[in-house]
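**Q** Sharing a structure below in structure tokens format, with a few things to ask.
Nothing in this text is a laboratory measurement; each read-out follows from the coordinates by a stated rule. All of these numbers come straight from a predicted model, not from anything done at the bench. We place every Cβ from the backbone using ideal geometry, glycine too, and count neighbours over all the protein chains shown.
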Amino acid sequence: MDLIRELPNVDHAHRFDGEPLVQSFRVGELGYVWITTAEAITVPGFGVAWVAGQLARYEADELRAAVAGGLRLRAGALVAA
């Protein structure tokens, strides 16, 4: 699975529940995941490997559905947006 980090852009806050500062990643052509920057900095070793580990919790069909509209990641749990 290709995870591509997106450039931060406060003009895209509407995609992220109004949060202006987020870390977001495209998940191939399936959709995207995101986490607030404030929360991401609390995750030791935050980055592509951490995000991939969070997504590995999903079965393939569940993952497709979850990321299609944007999946919000949290330091301690996953929350579908």
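**Q** Looking at E39, is it among the acidic types (D, E) and assigned to a loop (DSSP other than H, G, I, E, B)?
**A** Values: among the acidic types (D, E): yes; assigned to a loop (DSSP other than H, G, I, E, B): no.
The answer is no for E39.
**Q** Does I35 count as touching a Phe, Trp or Tyr at 6+ places or on another chain (Cβ under 9 Å), among the β-branched types (V, I, T), free of Cβ contacts under 8 Å to residues at least 60 places away in the same chain and loosely packed, with under 12 Cβ neighbours inside 10 Å?
**A** Numbers: touching a Phe, Trp or Tyr at 6+ places or on another chain (Cβ under 9 Å): yes; among the β-branched types (V, I, T): yes; free of Cβ contacts under 8 Å to residues at least 60 places away in the same chain: yes; loosely packed, with under 12 Cβ neighbours inside 10 Å: no.
Spelling it out, it is not the case that I35 is touching a Phe, Trp or Tyr at 6+ places or on another chain (Cβ under 9 Å), among the β-branched types (V, I, T), free of Cβ contacts under 8 Å to residues at least 60 places away in the same chain and loosely packed, with under 12 Cβ neighbours inside 10 Å.
**Q** In the range 6-32, how many residues are part of a strand (DSSP E or B), crowded, with 16+ Cβ neighbours inside 10 Å and not hydrophobic (A, V, I, L, M, F, W, C)? Step through it out loud before you land on a result.
**A** Our first condition is that a residue be part of a strand (DSSP E or B); within the range 6-32, this holds for 22-27, 31-32.
Checking the rest, the ones that are also crowded, with 16+ Cβ neighbours inside 10 Å come to 22-25, 27, 31-32.
Still in the running and not hydrophobic (A, V, I, L, M, F, W, C): 23-24, 31-32.
Going through the range 6-32 one residue at a time, the tally reaches 4.
**Q** I'm checking my understanding of the structure. Among residues of the range 1-46 that are small (G, A, S) and under 13 Å from the mean Cα position of the chain (by Cα), which one is farthest from E62 (Cα to Cα)? Lay out the reasoning, then the answer.
**A** In the first step, residues of the range 1-46 are kept if they are small (G, A, S); the result is 13, 18, 24, 28, 31, 38, 40, 45.
Next cut, under 13 Å from the mean Cα position of the chain (by Cα) only: 24, 28, 31, 40.
Working: S24: 19, G28: 15, G31: 12, A40: 23 Å.
In this case the residue turns out to be A40.
**Q** Can you name every residue in the range 51-73 that is crowded, with 17+ Cβ neighbours inside 10 Å, over 22 Å from G18 (Cα atoms) and not polar (S, T, N, Q)?
**A** Passing the criteria: L55, L63.
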